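Data first, discussion second: the structure below is written as structure tokens.
The values are calculated or read from the model by the stated rules, or taken from the named source; none is laboratory data. This structure is a prediction, so every number in the text was calculated from the model and none was measured. No Cβ is skipped: glycine too gets one built from the backbone with ideal geometry, and neighbour counts run over all protein chains shown.
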Amino acid sequence: MPAIRRRPFAIAQTILRALNRTSSATMPLATIETLLDQYELVAASFYSYSDIPDEKLILRAQVGLSYSSYESFVLPIDSTAGRCIDSLHVQVIADVGDEIDFRDKNLIAEFGLRTMLAVPLTAGEEPPNKLDTLNSLGVICVYPQASSSLEQIDILRTDLEDLRSIIAETYLQSIQLDKLRLREQVTQRAVASADLNSFLHRVCRLLQDEWPYEAASVFIHDERADILRLGATTGYSQKISKQEVVISLNDENDDVAATFRTGVTTVVGGNSLTGIVSNAIHESIAGIARATILIPLYEPSNAEARRTIGVLRVVNKLLRHDQRIEVFSFGWEDFEFLTFVCDVVGVVASMFDRVSKSKDDFERSLHGVQNNLNGVLTTLDFLNGLMSRRDTLSLEKYAYMVPTAKAQVQALCWQAERFSRRDEHNMLKPMKCDLLSDVFAKLGPLLRPLADSFATPIGSLPTFNKIFAGCPSVQANPDELITVFRNLFENSIKYSKRRRPGLEITISWEIADTAASTLKVIYRDNGIGILEKDSGRIFYEGFRSENAMRRCQLGAGLGLFQSKEILARLNGSIVLSNRSTPTEFTIIVPIWRD
Amino acid sequence: MIYVVDEDIVQLQALVAVLEVIGLDVTQIDNADDALESLTSASDVALVLIDVMLGTRDADQSTFSRKSTQDFLVTGLELADRLAKSGNPAFPSRIAFLSMASRPHVVSQIKEKSKELGIPFFDKREIAKGVMEFAEKIKLLVENQAKE
């Protein structure tokens, strides 16, 4: 050892200078190399602490010894070094040869180890004697020369006592630097990606290639089908179709579903000494899946309750020293780092999701338009064929197809209008509006042709003259109210049961409040109804419930969303007051005041 | 009887009309569950035209799972499989696939299943190009099936 003098500040400076160049992966080595150099030690090792899911120490770096001499890179918590974790001060072990719990005894003889100083690294509140507020980060073990005097060892101990909080803070800061680096990497990948899945794939590759994880997968919640889908993975050894990987949220045995439901980070497996494998692991990797961490992905929100949008699953942490690789569980650094990964990915994923929903919405509508155009074309081709054959009998029989085709084209025009006039609705001013003459007189004649175009048998439709006699005028733009009720009629027609007694729609109204300031209109139909699980989402933009989706291509999940938007602007509302038999909506509109 | 299994009743109205005009009886079925129930024991099958992207009566309660049909993308392929195994002697020979799929991985699955079951695959776009000609094609197929 060098001359007897204390110089913790100079050493602290060296360590802090190194922080600029190190990540959490290299900071441990940089630290103990500095100590080895400054104090001319025989050896030093840096362990980080992990309690996920059980307590242990993980060898991050060593100098002066040999990795191949270690039984394992994971040290049990009841080892000599492990017992020092809870200590508040640097521990001096006079002779490691006398320690029963010193596991790798071959190191003692091979490298001439005698005295060991164990430096617990903790982060937390001062004063240091409040143990329950301290978080264990790890422990550094230093081995002075066998020839060191007691005085030298004591000086070393005092220096290390002063240095340990700086080292701990530096270690914590290295994680923050990792996060900054990761954010830049994720941003680059977001910019390079055309869609959500390609972005997620790039993130999984990033975690695998540039961070020490063996495999990663991201599962995304499909709101429409209420399932989790595999968005991207690097873990499957065989090529699989992502469509094959579908996880039901109710699956009690699936860890991904459980993490999504609870919103709690989960670790499965993780005992590297016994190699526990979770049955739920799907990735097939070169080694055995020893540990998996599952972290929920959230949509960014200022609200306390955030919406979960998916799950990140990372499999196996790899510890590589020289040519030796060990697979083991995750430490507090991984927990913190991967939670940050999810925060960043959640933001980007939400943005992509919004864009792709609009794109999906447009594509679905376009598909609907294409289908219906094909239908109209086929109808015209058919009728033309009949005319060419001069088949007047068939022409007469199938003449009903002409108004049907006309109604289909009209429906297509409405669909196109929906896209083109979205913003214009914002500018339409409310005015005095009579529901009978301004709204239902115009909508009424369109109902039967529309029903015919969807092959929907009619049972009974409202008689608007009778219903709205005496109804007060409302404060609304007539075109907007036509849109609101047209959407309801269209849904009723599209999603009717298509069997006897046919579609039945009833409408009634009443003054909603004692001040007579609002009108309540109750709309009912006997259609297929709305599933309980969907009833909270039917007013979302682009949402179409599963049983509705399977019925008809024409529709983009905009009708109820649009109606809700319009009524909100009018200081009114629309709610689903009964979801089935009958399906009932209650619409509130302000009454016109002179 | 020609069975047309397709959830889009309206789009195929004209095709159904043409088939009726040229003397064929047609029944439309709009979901996979009803199709499986009706056709398993049907004794009057001349031909079943199955749309590949086909829905179910109720997604949550159908015997066709979301997983096996790739989220109802290829329900028609599973329906054809089940009919082929149902014991009804009409199947699989009297099945034909109908689809407007354009995604390569879906088209390749349809072609594979067609080859496996030895049944034809028709592109729906052909209907719009010439519904009368398409109907004649179907009629010819039905007549050939009847001879076998």
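Looking only at the stretch A:555-594, count every residue that is loosely packed, with under 15 Cβ neighbours inside 10 Å and of a type in the set (D, E, K, R) and tell me the total. Of the residues in the stretch A:555-594, 2 are loosely packed, with under 15 Cβ neighbours inside 10 Å and of a type in the set (D, E, K, R). Out of all the residues in the stretch B:53-100, which are assigned to a loop (DSSP other than H, G, I, E, B), at pLDDT 90 or above and either of a type outside the set (Phe, Trp, Tyr) or surrounded by fewer than 22 Cβ atoms within 10 Å (Cβ to Cβ) (or both)? Across the stretch B:53-100, the qualifying residues are B:LYS85, B:SER86, B:GLY87, B:ASN88, B:PRO89, B:ALA90, B:PRO92, B:SER93, B:ARG94. Only residues that are crowded, with 16+ Cβ neighbours inside 10 Å, outside any helix (DSSP H, G or I) and at pLDDT below 85 were counted across the stretch A:429-447, and they come to 1.
Scanning the stretch A:436-491 for residues that are small (Gly, Ala, Ser) and more than 19 Å from A:PRO582 (Cβ to Cβ) turns up A:SER437, A:ALA441, A:GLY444, A:SER453, A:ALA455, A:ALA469, A:GLY470, A:SER473, A:ALA476. Looking only at the stretch A:186-195, filter to residues that are within 19 Å of the chain's Cα centre (by Cα) and of a type in the set (S, T, N, Q); which one of those is surrounded by the most Cβ atoms within 10 Å (Cβ to Cβ)? My answer is A:SER193. Please tell me if B:ILE50 is within 14 Å of chain A (Cβ to nearest Cβ) and over 28 Å from A:ILE247 (Cβ atoms). No, not satisfied. Just one of the listed residues (A:LEU228, A:LEU160, A:LEU180) is within 14 Å of chain B (Cβ to nearest Cβ) and either at pLDDT 85 or above or within 22 Å of the chain's Cα centre (by Cα) (or both), namely A:LEU228. Is the stretch B:62-84 home to any residue that is of a type in the set (A, V, I, L, M, F, W, C) and touching a Lys or Arg at 6+ places or on another chain (Cβ under 6 Å)? Yes. Does A:SER48 count as outside any loop (DSSP other than H, G, I, E, B) and within 29 Å of A:VAL264 (Cβ to Cβ)? Yes; evaluated as a whole, the condition is true for this residue.
In the stretch B:27-47, the residue that is nearest to the other protein chains (Cβ to nearest Cβ) out of those that are β-branched (Val, Ile, Thr) and in contact with a Ser or Thr (Cβ under 7 Å, 6 or more places away or on another chain) is B:ILE29. A:LEU488 satisfies every condition listed in (1) buried (at least 21 other Cβ atoms within 10 Å of the Cβ); (2) within 14 Å of chain B (Cβ to nearest Cβ) except (2). When the stretch B:1-15 is limited to residues that are modelled with pLDDT under 90 and more than 7 Å from chain A (Cβ to nearest Cβ), the one that is farthest from A:GLY375 (Cα to Cα) turns out to be B:ASP6. Residues satisfying the criterion are absent from the stretch A:499-507 (criterion: away from chain B (no Cβ under 14 Å), within 25 Å of A:ALA568 (Cα to Cα), at pLDDT below 85 and not in a helix (DSSP H, G or I)). Looking across the stretch A:157-186, the residues that are among the acidic types (Asp, Glu) and within 21 Å of A:ILE11 (Cα to Cα) come down to A:ASP159, A:GLU161, A:ASP162, A:GLU169. Here B:PHE122 clears all of (1) within 14 Å of chain A (Cβ to nearest Cβ); (2) part of a helix (DSSP H, G or I); (3) at pLDDT 90 or above except the condition numbered (2). When B:LEU24 is tested against the conditions (1) farther than 17 Å from B:ALA135 by Cβ; (2) surrounded by fewer than 18 Cβ atoms within 10 Å (Cβ to Cβ); (3) modelled with pLDDT of 90 or more; (4) within 14 Å of chain A (Cβ to nearest Cβ), the lone failure is (1). Here A:ARG524, A:ARG537 are screened, and the one residue that is of a type in the set (Lys, Arg), modelled with pLDDT of 75 or more and either surrounded by fewer than 20 Cβ atoms within 10 Å (Cβ to Cβ) or over 26 Å from A:ASP353 (Cα atoms) (or both) is A:ARG524.
Applying the criterion of being of a type in the set (A, V, I, L, M) and within 14 Å of chain B (Cβ to nearest Cβ) to the residues of the stretch A:448-463, the residue that is surrounded by the fewest Cβ atoms within 10 Å (Cβ to Cβ) is A:ALA455. Listed by first and then second residue, the pairs with beta-carbon distance under 8 Å, at least 6 apart or on different chains, first residue in the stretch A:142-171 and aromatic (Phe, Trp, Tyr), second surrounded by fewer than 17 Cβ atoms within 10 Å (Cβ to Cβ), are A:TYR143/A:PHE111. Could you say whether any residue in the stretch A:38-53 is within 29 Å of A:GLU210 (Cβ to Cβ), aliphatic (A, V, I, L, M) and modelled with pLDDT of 90 or more? Checking the stretch A:38-53: at least one residue is within 29 Å of A:GLU210 (Cβ to Cβ), aliphatic (A, V, I, L, M) and modelled with pLDDT of 90 or more. Residues in the stretch B:71-110 that are over 14 Å from the mean Cα position of the chain (by Cα) and away from chain A (no Cβ under 13 Å): B:LYS85, B:SER86, B:GLY87, B:ASN88, B:PRO89, B:VAL107. Of everything listed in (1) at pLDDT 90 or above; (2) at positive phi; (3) within 14 Å of chain A (Cβ to nearest Cβ), the single unmet condition for B:PHE134 is (2).
For the stretch A:101-131, filtered to residues that are surrounded by fewer than 14 Cβ atoms within 10 Å (Cβ to Cβ) and aliphatic (A, V, I, L, M), the residue that is modelled with the lowest pLDDT is A:LEU131. Could you check the stretch A:348-392 and list, in sequence order, the residues that are surrounded by fewer than 16 Cβ atoms within 10 Å (Cβ to Cβ), under 25 Å from A:ASP222 (Cα atoms) and at pLDDT 85 or above? Of everything in the stretch A:348-392, just one residue is surrounded by fewer than 16 Cβ atoms within 10 Å (Cβ to Cβ), under 25 Å from A:ASP222 (Cα atoms) and at pLDDT 85 or above, namely A:MET351. Put simply, of A:THR34, A:THR14 the only residue that is more than 15 Å from A:THR115 (Cα to Cα), touching a helix residue (DSSP H, G or I) at 6+ places or on another chain (Cβ under 6 Å), in a helix (DSSP H, G or I) and modelled with pLDDT of 85 or more is A:THR34.
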